């Protein structure tokens, strides 16, 4: 009898062991199937454009470290797609020639209006605002004194010069279209002021500081008479034709790898000056409404 009992126990133990193995196997397979169902595969290649880089040579010179870091963060191939300006970037998004675009704030507003591109990430930077600067020997002490004067806003469409500068004038009660003469010299130095070709300049604050250093000049010689509010940062937009799950996955991976990306930006001198102490945050289209309002106020609402 004891011998029969032992045999029965062994058979029961074997049966329960088999059941346990089958149950574990089923759980593992279920988990694996679930993971497969939720895993998102990114495109094997993402085409990447930067609106501020003019052509492939400039892209490779200034953005190659960032491209390499982006490939590692996204775990997929990233290929440069050179554009001449943000209108070309918008066209490339419309025709599905590019997947990811790094655009400046005002450029993003124009691109968004034409493509419905998805803002996934914003690159905010402290001290990113406009300043109006004059010569110390002028009689211009505040923005209203600029009425009837000539002012250089650097580049057409520049967020922290043209757009934010126009807002400073509007807030001071001036009409940028009729109350003064605006030019776009394309020269971010102090030369236009120094040679008295203009009465004032509008510049991004960091470019003003660089111009002072390059000229060996002081803020006392070229004082700021008005300073704008903090502006929204650059934006990384994705082609709206990408699947929402792919967009969410790219956004998640960029946020997770933001330190690697910031280090890559900081490794390039021309970028490190502009993006010193920058932060990677979620993109929010509503942050750019202030720029849309300025476009409308200066009669350029056709762009947005």
- Query: What does the highest-first list of 239-245, 68-74, 87-93, 200-206 look like by mean Cβ count within 10 Å?
  - Reply: 200-206, 87-93, 68-74, 239-245
- Task: Order the peptides 43-54, 131-142 from the highest to the lowest mean number of other Cβ atoms within 10 Å of their residues.
- Result: 43-54, 131-142
- Most exposed first, judged by fewest Cβ atoms within 10 angstrom, 197, 125 run 197, 125
- Task: Mind sorting out which of (i) 21.8; (ii) 20.2; (iii) 23.4 is the real mean projected area of the Cα convex hull in nm² computed from the coordinates?
- Result: (i)
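How large is the helix-only mean residue ellipticity at 222 nm for the chain, computed as the sum of -39500 (n - 2.57) over DSSP H runs with n ≥ 4, divided by its residue count, in deg cm²/dmol to the nearest 500?
Numbers: 11 runs with 136 residues, N = 304.
It lands at -14000 deg cm²/dmol.
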- Message: Angle check, please: helix 105-115 long axis (alpha carbons) against the longest principal axis of the chain (alpha carbons), in degrees 0 to 90, nearest 10.
- Response: 60
- Task: Any chance you could give the angle, 0 to 90 degrees and rounded to 10, that helix 205-215 forms with the longest Cα principal axis of the chain?
- Result: 60
- Task: Quick one: angle between helix 2-38 and the longest Cα principal axis of the chain, in degrees between 0 and 90, rounded to 10, please.
- Result: 20
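Quick note: the coordinates plus some simple rules give every number you see, no bench work behind them. Not measured: the values here are computed from a predicted model. All Cβ positions, glycine included, derive from the backbone under ideal geometry; neighbour counts span all protein chains shown.
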